[in-house]
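The values are calculated or read from the model by the stated rules, or taken from the named source; none is laboratory data. All values derive from a computational prediction rather than experimental measurement. Counting neighbours? That spans all protein chains shown, and the Cβs are built from the backbone with ideal geometry, glycine included.
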Amino acid sequence: MNFDISNLLENWDYQPGQIVVRRFAGRDGQEKIQLRVDLGLLQMNAAGRPDGKRPMGHPSLFEYQEVRLKKHMDERHTDDGFTLRAEDCAKLQLEALQFHHRYICLLELQDYAGVVRDTKRNLAVFDFVARYAESEELAWALQQFRPQLLLIQVRAKGSEKLATKRYREAVQEIERGISEIRQFYSETGRNDIEQSAEVRYLENWIGEVNSARPLSKREKLELALHEAVRQENYEKAAEVRDKLRNLAED
């Protein structure tokens, strides 16, 4: 067996600062994703656990822990006493990182449904660890990445709307994402929301979407009115005001 992947790398250049990714069918018939990195590449399955493993016979460590919780509750009729130790949290975080790598790739591939699927999954892991970790420090090790995760999810949802020219719905998705990130900052007692790169990115994106979307008839008239007043063309301004008034009456 030849373990040297030099030929693969020579024919697929690494581009600093860019996400270089491709999708293909593997020899096992499963769809794969490869991410080019500076010293090689990462390969992952396009569905299921990215590395294809089944820890403890389950599709993922998270699902294994969910089964543990269900068994605990079946026996005690409460989740009191169920905890995640430091080792459990560390393993769940490493598994979440696999999904993080994949949804970054899926976003680049414009597989927005796949991004939403994987980000929802990781959010569920964050919530699970936040509830059952044996210390707040262990929970925060994951929770600190929630704004970044929400940003990726919103980018996927917003981009999916923009792909079909649903500009208003896209803006609504972005605004919802900003609200969720702000809520996270508030609930965790952080006072640096104005320094949030995620919020700044989404606010700028709203501006870009609004600039790109087609204007409604009312918006066109309002712009024409503003321009007429700026040019001191009051006859034109009066004409546009009448059109706006008639539009409102209609």
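Checking residue 97 against (1) under 20 Å from residue 160 (Cβ atoms); (2) within 17 Å of the chain's Cα centre (by Cα): exactly one of these is not met. Which one?
(1)
Which is under 30 Å from residue 210 (Cβ atoms) and either in contact with a helix residue (DSSP H, G or I) (Cβ under 9 Å, 6 or more places away or on another chain) or surrounded by fewer than 19 Cβ atoms within 10 Å (Cβ to Cβ) (or both), of 155, 102, 121? Full working, then the answer.
Numbers: 102 fails: under 30 Å from residue 210 (Cβ atoms); 121 fails: under 30 Å from residue 210 (Cβ atoms).
Just a single option satisfies the conditions, and that option is 155.
Mind listing just one residue for me: the one in the stretch 21-66 that is assigned to a loop (DSSP other than H, G, I, E, B) and of a type in the set (Asp, Glu) and, of those, surrounded by the most Cβ atoms within 10 Å (Cβ to Cβ)?
Step one: list which residues in the stretch 21-66 are assigned to a loop (DSSP other than H, G, I, E, B), which gives 26-30, 38-39, 46-54, 58-60.
From the residues that got through so far, the ones that are of a type in the set (Asp, Glu) too are 28, 38, 51.
Values: 28: 8, 38: 7, 51: 12.
This residue is 51.
Could you check, for the stretch 212-230, whether at least one of its residues is at pLDDT 85 or above and among the polar types (S, T, N, Q)?
Scanning the stretch 212-230, I find no residue that is at pLDDT 85 or above and among the polar types (S, T, N, Q), so the answer is no.
Could you pull out the residue among 117, 76, 121, 54 that is under 21 Å from the mean Cα position of the chain (by Cα), free of Cβ contacts under 8 Å to residues at least 40 places away in the same chain and in the same structural domain as residue 143 (by TED's automatic domain parsing)?
Of 117, 76, 121, 54, the one residue that is under 21 Å from the mean Cα position of the chain (by Cα), free of Cβ contacts under 8 Å to residues at least 40 places away in the same chain and in the same structural domain as residue 143 (by TED's automatic domain parsing) is 117.
Taking helices (runs of 4 or more DSSP H) that fall entirely within the stretch 130-220, which contain at least 1 residues that are in contact with a Cys (Cβ under 7 Å, 6 or more places away or on another chain), outside the structural domain of residue 237 (by TED's automatic domain parsing) and touching a residue at least 24 places away in the same chain (Cβ under 8 Å)?
On the way: elements: 136-143, 146-163, 167-187, 197-212.
Because the criterion is at least 1 residues that are in contact with a Cys (Cβ under 7 Å, 6 or more places away or on another chain), outside the structural domain of residue 237 (by TED's automatic domain parsing) and touching a residue at least 24 places away in the same chain (Cβ under 8 Å), the helices (runs of 4 or more DSSP H) in the stretch 130-220 that meet it are 136-143.
Given (1) of a type in the set (Lys, Arg); (2) more than 25 Å from the chain's Cα centre (by Cα); (3) under 17 Å from residue 107 (Cα atoms), where does residue 32 come up short, assuming only one miss?
Failed condition: (2).
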